[in-house]
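The values are calculated or read from the model by the stated rules, or taken from the named source; none is laboratory data. All of these numbers come straight from a predicted model, not from anything done at the bench. Cβ placement follows ideal geometry from the backbone for every residue including glycine, while neighbour counts extend to all protein chains displayed. We work out accessible area using only protein heavy atoms, side chains counted, and drop any ligands, DNA or RNA first. Shrake-Rupley method; radii C 1.70, N 1.55, O 1.52, S 1.80 Å.
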Amino acid sequence: MPLLLAPAPAPALRSVLAALGSPGAVREAPVSALRTHQGPLSPDHPLPVHVWDDISRPGGTPHTRLAGWRFLVRGGGRAVATAEARLTADGWTFARFCGGPYVAATEQALAQAEALTTPLQPRLLSVPELYMLTLWLHHDTASDGAEGLPAAGDLLVPLAPAPPGIAAHRPQRLADLLPRLALRLAPAPLLREPA
């Protein structure tokens, strides 16, 4: 079943296209694969990036906030980087190019998700407290991508590198993953000194 991508805001896409069209912005990018690529570059797979800041808050439902839109940057049929747009007081603006393991991990997780039989809307969910990024497969495919909270039945696919004890690239229901995330955040037990 194909994933149902939410369309990125037009100004966000325009800001990324402008950055990709700027030789200076590409030449100064901190991503060697982007700087050395010969040929055209194009943004693909717009994904809203949500941040889950309060994961250590006990009980209740997760609260997330939209942090931006991330695009895979394709060159020569493969992803060579990502480009991110952020909302500022002046509207959507290009934020940065990124490289590293999350580029290939995002591409791999999207390919995995394409094989699922349930229609889902892909997003990215960042969990800063755990230094973790996941592909969030949201059940509400009619959503605009900017809104909506993770639901218990939504799937999360932790991207590699994942935190210790969390399996990368293994789709898991949010309700099943939450206890393991909470365990990762639990304070270590205090050791008692011998009397």
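Just give me the residues in segment 39-55 being at negative phi and either at pLDDT below 90 or touching a helix residue (DSSP H, G or I) at 6+ places or on another chain (Cβ under 8 Å) (or both), in sequence order.
Answer for segment 39-55, where residues must be at negative phi and either at pLDDT below 90 or touching a helix residue (DSSP H, G or I) at 6+ places or on another chain (Cβ under 8 Å) (or both): Leu41, Ser42, Pro43, Pro46, Leu47, Val51, Trp52, Asp53, Asp54, Ile55.
Please determine, by comparing only the residues of segment 88-102 that are touching a helix residue (DSSP H, G or I) at 6+ places or on another chain (Cβ under 8 Å) and either surrounded by 17 or more Cβ atoms within 10 Å (Cβ to Cβ) or among the polar types (S, T, N, Q) (or both), which one is farthest from Leu13 (Cα to Cα). Write out each step before concluding.
Quick first cut of segment 88-102, residues touching a helix residue (DSSP H, G or I) at 6+ places or on another chain (Cβ under 8 Å) only: 91-94, 97, 99.
Cutting the leftovers down to either surrounded by 17 or more Cβ atoms within 10 Å (Cβ to Cβ) or among the polar types (S, T, N, Q) (or both) gives us 92-94, 97, 99.
Numbers: Trp92: 9, Thr93: 9, Phe94: 9, Phe97: 14, Gly99: 19 Å.
For segment 88-102, the residue satisfying everything is Gly99.
For segment 86-111, which residues satisfy the criterion of being under 14 Å from the mean Cα position of the chain (by Cα), assigned to a strand (DSSP E or B) and more than 23 Å from Gly39 (Cβ to Cβ)?
Arg86
Please find, within segment 1-26, the residue that is farthest from Gly91 (Cα to Cα) out of those that are touching a Phe, Trp or Tyr at 6+ places or on another chain (Cβ under 8 Å) and of a type in the set (Gly, Ala, Ser).
Per the stated criteria, the residue is Ala25.
For segment 121-163, how many residues meet the condition of being open to solvent by 10 Å² or more (accessible area, probe 1.4 Å) and either free of Cβ contacts under 8 Å to residues at least 12 places away in the same chain or on the phi > 0 side of the Ramachandran plot (or both)?
Within segment 121-163, residues that are open to solvent by 10 Å² or more (accessible area, probe 1.4 Å) and either free of Cβ contacts under 8 Å to residues at least 12 places away in the same chain or on the phi > 0 side of the Ramachandran plot (or both) number 3.
Say we look at segment 103-115 and pick out the residues that are surrounded by 14 or more Cβ atoms within 10 Å (Cβ to Cβ) and hydrophobic (A, V, I, L, M, F, W, C); which of these is farthest from Arg170 (Cα to Cα)?
Val103
Can you tell me which residues in segment 1-57 are open to solvent by 70 Å² or more (accessible area, probe 1.4 Å) and of a type in the set (Asp, Glu)?
Correct list: Glu28, Asp53.
Condition check ((1) among the small types (Gly, Ala, Ser); (2) closer than 22 Å to Ala167 by Cα; (3) modelled with pLDDT of 95 or more) across all residues:
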position: Arg78; (1), (2), (3): no, no, no
position: Ala81; (1), (2), (3): yes, no, yes
position: Ala89; (1), (2), (3): yes, no, no
position: Phe97; (1), (2), (3): no, no, yes
position: Ala105; (1), (2), (3): yes, yes, yes
position: Ala109; (1), (2), (3): yes, yes, yes
position: Thr117; (1), (2), (3): no, yes, no
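Looking at (1) closer than 25 Å to Leu149 by Cβ; (2) modelled with pLDDT under 95, find the lone condition where Glu28 falls short.
So the condition that Glu28 fails would be (1).
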